[in-house]
Every structure is written in C-alpha cells, then in structure tokens.
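What follows is a set of notes on a single structure, which appears directly below.
The values are calculated or read from the model by the stated rules, or taken from the named source; none is laboratory data. All figures in this text were calculated on a predicted structure; none of them were measured in a lab. Because the Cβ atoms are built from the backbone with ideal geometry, glycine has one as well, and the counts that use them run over all protein chains shown. Accessible surface is based on the protein model in full, side chains and every heavy atom, while ligands, DNA and RNA are left aside. Shrake-Rupley method; radii C 1.70, N 1.55, O 1.52, S 1.80 Å.
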Amino acid sequence: MAKVEEITGQVTIVGNVRMSNGTKKVLGDLTENQCDKIKKSAPLTYSETMVKEWKATPQTIDLAVMLAGLIKSGEGEVSIRNFMTTMKAHWPALDMPYLKNVRGAVGVILDAEKRASAKGDDTNVIDEDDFQALCNYALISIERVNRWTPQLFKRDGQWVEIQYLGEAGTATIVPLDRDTFAARLNLSTFWRKRVGDGTSFRYVSVPKDVVNQIFYHAEKPVPDLQGVIYAPMFTAEGDLIITPGYHKSGFYYAPPEGLDVPRPPRKITKEHLAEARETILDIFVNFEMDGVSRAELEDAVLRRIGETKWGSGEGATAVPPSFLSAVGFLLEQIVRPMIKGPVMPLLISKTARRAGGGLLATVMQNVIRGTAGMRPLAGNEDERRKAILAALSSGTSVIAWDNLPAGRTINSPTLATLFTEGVYIDRELKTSNERAIPVRASFILVGNRPPFSDELTQRLTLLELLPQTATPEKRSGFKYGDLQGHVEENRGRILGALLVLVKYWLNQDQPKPKYPPMIGRFEQYRHVIGGILEASSPNWTSWQSNRDKLAKVAKDDEEDGWTDLFEAWVEERGLGLAGRIEVNELAQIAQESETPLDVTRVREGGAFEYNTRSLSRALSGMQERIFDLGKHGEVKLLQSEKRGKGGYPWLLEQVETRTEAEQAEENERPRGGRGRRRKVPKCLIAACQYNGDGKAE
C-alpha cells in the first residue's frame, strides 16, 4: 500500500494505490520509453488483437501495449480476460498470474495522469479551493476515468451504472441515488485537506456540496447508455456489436460467461443460408404452430413442399405464418436499432392449456437474452404503469406476460401507448417527476385465446398454437426432450444463424418485402423484419398473412355487442334522420334484445338493464366511428345537433363503401392544379339527362 507517494519504475503513484508485488515488479522492469509507449498506445479492439501474428512469445511491452489499446477502445473486462486467456492458450509460457500483473501495471500507468492531477495545489484542496474549481475538478476526473473503460453512464438524464444481479448475474441498468453516486465519485477522485504545518495533506471524502452539484449537473461527462444487450446486435448503420463491453453506439454488450457467437462470413452463400434456416427451425419443431406437425413444418421450411398454403397469389407458401412470426421475434433485438419506430408485440395464442405457450416464450427469451422471465398482467392501469416503468428503467430487452385472462377483454391505454410510441412517458411513483424512456424492448403475450380491444389487436403479431389432440400435455415424439437444455448448449450457434440471415439481407442492400400487408405506424418494422425473412428463403413469404385470423382469435365479444345492438336499432327504427333515437330508448332496445355491453348496469336491475348515463358516455366515445352491420352495410354513428326530449338523439348514417380498385383509382388521380379531377356528386349525376349518343346534356 502506497501511503502518499512512491516512485515505482518510471511511474509516480499518489494516494492509496493497492498493488501486488508482481505488479510492482512489472512496473520496475519497464523503461521510461516503454512507459511512454504504453501511454501513447492506440485504441485496439479485441478482434484486432486476434489477427496479429507472432513468431515468438510476445514480450511484456507487446502485451502491455495491446492491453492498453483494449482499455482505450472501451473493451470491457470480459474482452480483456478473453484476450489474456487466448494468449495463455497460444503461449503456455505466459501464465495467468503474470498476465494479470501486466494488466495491473498498465492500469497504473494509464491512471498516472489522474493521480498526477490529484497533486495539484489548486484543484482539490477542501476549504481552500473555491467551489467552482472543486466542481470542475470532479467533472474532469469523472470524464477521464470513464474515457476508456466506462463504469458510470447517463440515461434519461440520470447517473446509472451496470450491476450484475440475480443468480444468473444478469447485467442490469441501475440508477444511482445521491449516496451511491458519492461513493462512486470517491473512487474517481482524490480530495485533500492541509494538516500540520501546512506542508502536508491527508486524503478525505468528497464534500457534500460538490456531490449535490455534480449529481444534479445537467451536462454529465460520461457516455450515454442506450441499453444493455445480451446477444450480438447490428447498429442502425449496419455495424455488428459482437465484442463484449461498451460500444460507441451507446449499447453495452454483456453476454454470459462462455457464450461464443461466430461472426457471419462477409459473403453469405446459399449453403450458409440453408444451414442457418435448419439451425433456427430446430428449436421450433416441437410446437404445433398453426396445427402443423413436425414433419410438415420441416417439409415446408427445408424442402419447400406441402399441401396447405398460406398467403395469396405469388406469395402463397406452405410455410405457416406462425413459424415466421417466431423467427421474426428472434430477429427483433438483433436489428432493433435499424427499426426507427415501434415493434409489434408477439401474441402466442393457444386453443388449449398446456399447449406449450409458456415453454415457447421461455425458449425464445433464452435465445435472445440468455435468461427468461414471465410476469402476470396487472389487473388495473396504475399497477401496469408501475410495472412497465420499472421494466423499461432496468433496460431489459424483452417484457413477457403469461396467463392472460381468457374471459375478460384486455383494453389498456397504457399498453396501447407502450406498443406504439418510441418513448414511454410517465410519472415516477410518489413523485411529480416525469420520466421519458426510449422503448427498445420486445414484447410477448401468452394466453388461451385472450380477447383484446380492437385498438390493441391491430398492434399484435399472431403466433397460434393449435394442438391436434385433446390432451397436448401427453404428446410424445419430440425431437428434443430437454429443449431448454438444447437451446442453452447451442445458443451461440443459434444466434450465429440469425446473424447470417441479417448479414445476407444487408449484403442485398436491405430490400423491402413484397408480400406482408401495410400496417400503420409499423412501416419500419415491416421493412426490416419482413425484408430479412423474404431474403432468407424464396418461400418465407407468409409473414403477417394471418392477420385476418388474428382478428378472429383476439376478437372482443363486447365489440360484437355494439354491432348486435346497432343492427337491432336499424331493424326497429331504420337509418339516417328517420332512425334517430334517444339514449333511454336505445337502452330499452338493448334490454329487450339481451345484448351484452361493456356499460354500467342499473343497480339492482337486470343483467341487461343499462345505466343511461354510462351508455351515453360510451356512445360519445364512439362518435363518428364506422361499423359493419352486414346486410345493412357500413354505417357511421353520429349525434344529432338538435336536442330532443331526453337529450341529443343519435343516428346511424349510411357510409359509401369503395372497393380496393376504386380506392386505388382515387389514389392515382392528380391532386391540385388545373389537372385536378373532382368527384361529381350523386345528386348531379341523377339529375343529368343522357342523349342517344351516351353524352350528358
């Protein structure tokens, strides 16, 4: 332990610096020129160290320069440890204690500048230097310490760090409170007080007023942390993050110990694609997606054969859309920075219990993040908001809900906002502070045909499990009896296969997909995920072709209630002004027709006796909405401007329905200028008289 100052080799050490005897020996053996060479070493990535060729065992200075380069480039401790392990494997003479001592010596040399600044008489002397100088010293020290291998970060205006939590040691983003930040600041700075005759100092803790100022300082001199990732990821520019540690894009890659993901080849061949497809298919053959058996799924995906077809036209294929929904989900986090906007939540809908929905969700999470976690969906909006804010704050890449209620429609403005907005804004619990957190997570919902409101249904991607037996838990003949064990053992290879698909799409200049329908607000999601899938195989063309099925599977029975009520209304009163009706009369129709509605009932009344005030509020929320009443066509709900005896009446106005061809023709018409074509009102058409030549007079 060096108490105040010690000269070891050519490095000055000030303050409490702990070193092993081995580190001291390495420092003592280095010359002044070698120390300068280490200080001036250029940043070096882990992959760059691996391509170096050595004819003989690397010397101490060679190892030190490479280690210094790794630190300066921001490579994490995992990469540095892997570098030392690789060097030891290649050169048995380099034992691990010696390599650790070289690593320690490099750290001392690179920190010499920071320790030298602590000696200054005008930067860090408490009760002598002015407050501004002390704060500047703290900010400069924090910036310097986090320049090469950052430990502190900023996120959403807060100081955060990465902690490894739980039994699995999962990297998690943790916001720092003021006391914890003070402790971290003490590790980055040296603070002194003059003692005795005034010519010597003792080292003390950072002053509280400095802690307060730096903690709330708007400009934090540390890297911005976008999130923690647990699998390789492509940046928005197409660069691959595959080296553990902090990346310049703002993501911190924290894979578990021992995960080895192969880099995709620069040129992807058909053989590479075929091997990747088979590797990915392997983890899904145990599940009866869209009612397809293992043999049928293998035939469709690998051999492009099968009797059942999904999709239409040139995009018709034997590959079930639910399989591509699963593959698309695995791709989401690997290309998340490329998707400028929201991603669609994956609904795993089952027709029977124990059909494997929870297992499938677990397997996919294990591939993407190495761990899995399912949570129940809170029953009220306040609890949902709290849970979502906590999950997003932790930086998790997947949020999964299991056992969704089958008998109650899920209608949640909180979820609707989460699934469609790029930034989630909410107020912190028990405070007036608002948080604005970028939404970069993927979402899974699992249940036995859980119904959703129409607003949420439009945001979902469907993966349907259709067991072909009444007792799916008794199925046998699985390819892998321990599927989770298989995924854990082969996770690196599975991720490598996904990287191959993305790399091939990038090499093809990121083509857009031809076959999936356009989905409002999810255009980028469709482009990236749909593009990768269609580029991966000529018959992977059925992605999102099950959206009509989704509308039925996630159907909200309460929506049918309104349609049934309006049909009864039209049958009794008619359409337009002639069919105007007041709320109390509509409530009477609902009671007589026994129509179930999501409306407050009269206290101590019958099952279909509705409170007119609640019914009126529900109608106001649907004003100008269009409903399909089957044989009566499409109608729009409107409120009359003229008050009646019991309030303002309501009416259903017929809506003109245009075919897709007519809509396309309308879209092609020129807009604006002299060439603009105007639609002729029907009343004028009816008033025209035609002569024998077919011309209007």
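Take the Cβ-Cβ distance between Tyr164 and Ala390 as r, set R0 to 22 Å, and report the resulting FRET efficiency rounded to the nearest 0.05. All intermediate terms of the calculation are to be shown ahead of the outcome.
Working: r = 18 Å, r/R0 = 0.83.
E between Tyr164 and Ala390, to the nearest 0.05, is 0.75.
Asn136 to Asp95: FRET efficiency via 1/(1 + (r/R0)^6), r the Cβ-Cβ distance, R0 51 Å, to the nearest 0.05? Don't skip to the answer; put the middle values down first.
Numbers: r = 44 Å, r/R0 = 0.86.
The value I calculate is 0.70.
Take the Cα coordinates of segment 359-445, assign each an equal point scatterer, and use the Debye formula without solvent to give log10 I(q)/I(0) at q = 0.24 Å⁻¹.
-1.33
Can you pull out the GluC sites (Glu not before Pro) in segment 52-89 whose DSSP state is coil and whose Cβ has at most 13 other Cβ atoms within 10 Å?
Numbers: sites: Glu53, Glu75, Glu77; in loops: Glu53.
Here the GluC sites (Glu not before Pro) that fit, given the DSSP loop and packing criteria, are Glu53.
Using a 1.4 Å probe on the protein chains only, how many percent of the accessible area of the chain belongs to carbon and sulfur? Write out the running numbers ahead of the final one.
Values: 16400 of 35320 Å².
Of the solvent-accessible surface of the chain, carbon and sulfur hold 46 percent.
With a probe of 1.4 Å, find how much accessible area segment 376-466 has per residue, and write the answer as a whole number in Å². Intermediate results must be reported in sequence, preceding the final value.
Working: 3610 Å² over 91 residues.
Accessible surface, normalised per residue, equals 40 Å².
Cross-link candidates for Lys193: which aspartates and glutamates have Cα within less than 20 Å, leaving aside residues fewer than 8 places away along the same chain?
Glu5, Glu6, Asp121, Asp122, Asp127, Glu128, Asp129, Asp130, Asp209
Could you size up the charge dipole of segment 259-402 around its Cα centre, putting +1 on the beta carbon of Lys and Arg and -1 on that of Asp and Glu, and report it in debye to the nearest 20?
Numbers: 19 positive and 17 negative charges, 93 e Å.
For segment 259-402, the charge dipole is close to 440 debye.
Report relative contact order for the chain in percent, whole number only (criteria: Cα-Cα under 8 Å, sequence separation at least 6).
Working: 1132 pairs, mean separation 70.9, N = 697.
With pairs under 8 Å counted, the relative contact order is 10 percent.
Give me the accessible area of Asp564, 1.4 Å probe, in Å² rounded to the nearest 10.
Taking all protein chains as shown, Asp564 has close to 80 Å².
On a 27 Å Cα-Cα criterion, which of the cross-link pairs Lys40/Lys208; Lys100/Lys208; Lys25/Lys72; Lys72/Lys100 come out too long? Present the calculation step by step, with values, prior to reporting the outcome.
Details: Lys40/Lys208 36 Å; Lys100/Lys208 36 Å; Lys25/Lys72 23 Å; Lys72/Lys100 17 Å.
Distance filter (> 27 Å) returns Lys40/Lys208; Lys100/Lys208.
Pull up the DSSP beta bridges for the chain and report the antiparallel fraction as a percent, rounded to 5. Display every interim value, and only then the final one.
Working: 44 of 65 bridges.
Given both bridge residues lie in the chain, the antiparallel proportion sits at roughly 70 percent.
Working from Cα positions, state the angle (0 to 90°, nearest 10) between the long axis of helix 583-592 and the longest principal axis of the chain.
Rounded to the nearest ten degrees, it is 80.
Out of all DSSP beta bridges in segment 171-329, what portion is antiparallel? Express it as a percent rounded to 5.
Numbers: 10 of 13 bridges.
Just about 75 percent of them are antiparallel.
Compute the angle between helix 381-393 and the longest alpha-carbon principal axis of the chain, please, reported from 0 to 90 degrees and rounded to the nearest 10.
40 degrees
Among 443-449, 390-396, what's the highest-first ranking by average C-beta atoms within 10 angstrom per residue? Working shown, then result.
Values: 443-449: 21.6, 390-396: 19.3.
Ranked from most to least packed, the peptides come out as 443-449, 390-396.
Across 5 Å bins from the origin, how do the percents of Cα pairs in segment 486-641 run, short distances first?
It works out to 1, 7, 12, 14, 11, 8, 8, 7, 7, 8, 7, 6, 3, 0, 0, in whole percents.
Run the numbers for Gln508 and Asn433: contour at 0.36 nm per residue of separation, minus the present Cα-Cα distance, in nm. Walk me through the numbers on the way to the answer.
Values: separation 75, 0.36 × 75 = 27.00 nm, distance 4.62 nm.
Here the answer is 22.4 nm.
Can you give me the convex hull volume of the Cα atoms of segment 469-521, divided per residue and expressed in Å³? Let's see the in-between values first.
On the way: hull volume 11.0 nm³, N = 53.
Spread over its residues, the Cα hull of segment 469-521 gives 207 Å³ apiece.
So if each residue of separation counts as 0.36 nm, and I subtract the Cα-Cα distance between Arg603 and Arg81, what length gain in nm does that give? Mind dumping the intermediate values first?
Working: separation 522, 0.36 × 522 = 187.92 nm, distance 6.97 nm.
So the extension gain works out to 180.9 nm.
Distance from the Cα centre of segment 235-272 to that of segment 370-386, in angstrom?
30 Å
Show which aspartates and glutamates lie in cross-link reach of Lys386 when reach means a straight Cα distance below 14 angstrom and same-chain residues fewer than eight apart are skipped.
Asp426, Glu428, Glu434
Pulled fully out, how much extra length does the chain show between Asp209 and Lys309, if you take 0.36 nm times their separation in residues and subtract their Cα-Cα distance? Each step should come with its number before you reach the end.
Values: separation 100, 0.36 × 100 = 36.00 nm, distance 6.99 nm.
Extending this stretch completely gives an extra 29.0 nm.
Sorted by average packing, counted as other Cβ atoms within 10 angstrom per residue and highest first, what order do 497-504, 592-599, 148-155 take?
Numbers: 497-504: 24.4, 592-599: 15.8, 148-155: 19.1.
In decreasing order of mean packing, 497-504, 592-599, 148-155 become 497-504, 148-155, 592-599.
So what's the back-of-envelope 222 nm ellipticity for the chain, counting only DSSP H runs of four-plus at -39500 (n - 2.57) apiece and dividing by all residues, rounded to 500?
Details: 25 runs with 266 residues, N = 697.
Calculated at 222 nm, the ellipticity per residue is -11500 deg cm²/dmol.
When ranked by the protection proxy of mean other Cβ atoms within 10 Å per residue, highest first, what sequence do the peptides 620-633, 639-652 form?
Details: 620-633: 12.5, 639-652: 14.7.
So the peptides 620-633, 639-652, ranked by packing, come out 639-652, 620-633.
Straight-line reach from Lys555: which lysines have Cα under 18 Å away, leaving out those fewer than 8 places along the same chain?
Straight-distance partners of Lys555: Lys350.
Can you give me the Kirkwood hydrodynamic radius for segment 407-546, using every pair of distinct Cα atoms, in Å to one decimal? Can you show the working numbers first?
Values: mean 1/r = 0.0530 Å⁻¹.
One over the average 1/r among Cα pairs gives 18.9 Å for segment 407-546.
Take the cross-link list Lys512/Lys549; Lys474/Lys552; Lys154/Lys267 and give me the ones stretching past 26 Å between alpha-carbons. Don't jump to the answer; show the numbers that get you there.
Numbers: Lys512/Lys549 24 Å; Lys474/Lys552 28 Å; Lys154/Lys267 38 Å.
From the list (Lys512/Lys549; Lys474/Lys552; Lys154/Lys267), the Cα-Cα distance tops 26 Å for Lys474/Lys552; Lys154/Lys267.
So what's the net charge close to Gly227: Lys and Arg +1, Asp and Glu -1, counting the other residues with Cβ under 12 Å from its Cβ? All intermediate terms of the calculation are to be shown ahead of the outcome.
Numbers: positive: Arg155, Arg336, Arg369, Arg440; negative: Asp156, Asp224.
With Lys, Arg at +1 and Asp, Glu at -1, the net is +2.
For segment 441-490, report the translational diffusion coefficient in µm²/s to the nearest whole number, using Stokes-Einstein at 37 °C, 0.692 mPa s, and a Kirkwood Rh over Cα pairs. Walk me through the numbers before you get to the answer.
Working: Rh = 14.4 Å.
Rounded to a whole number, D works out at 229 µm²/s.
So what's the angle, to the nearest 10 degrees on a 0 to 90 scale, between helix 131-145 and the longest Cα principal axis of the chain?
The answer is roughly 80 degrees.
Beyond 47 Å, what share of the Cα-Cα pairs of the chain remains, rounded to the nearest whole percent?
Numbers: 90450 of 242556 pairs.
Cα-Cα pairs in the chain separated by more than 47 Å: 37 percent.
Quick one: grab Rg to one decimal and Dmax as a whole number for segment 59-180, Cα atoms only, in Å.
When restricted to the Cα atoms of segment 59-180, Rg and Dmax are 18.1, 55 Å.
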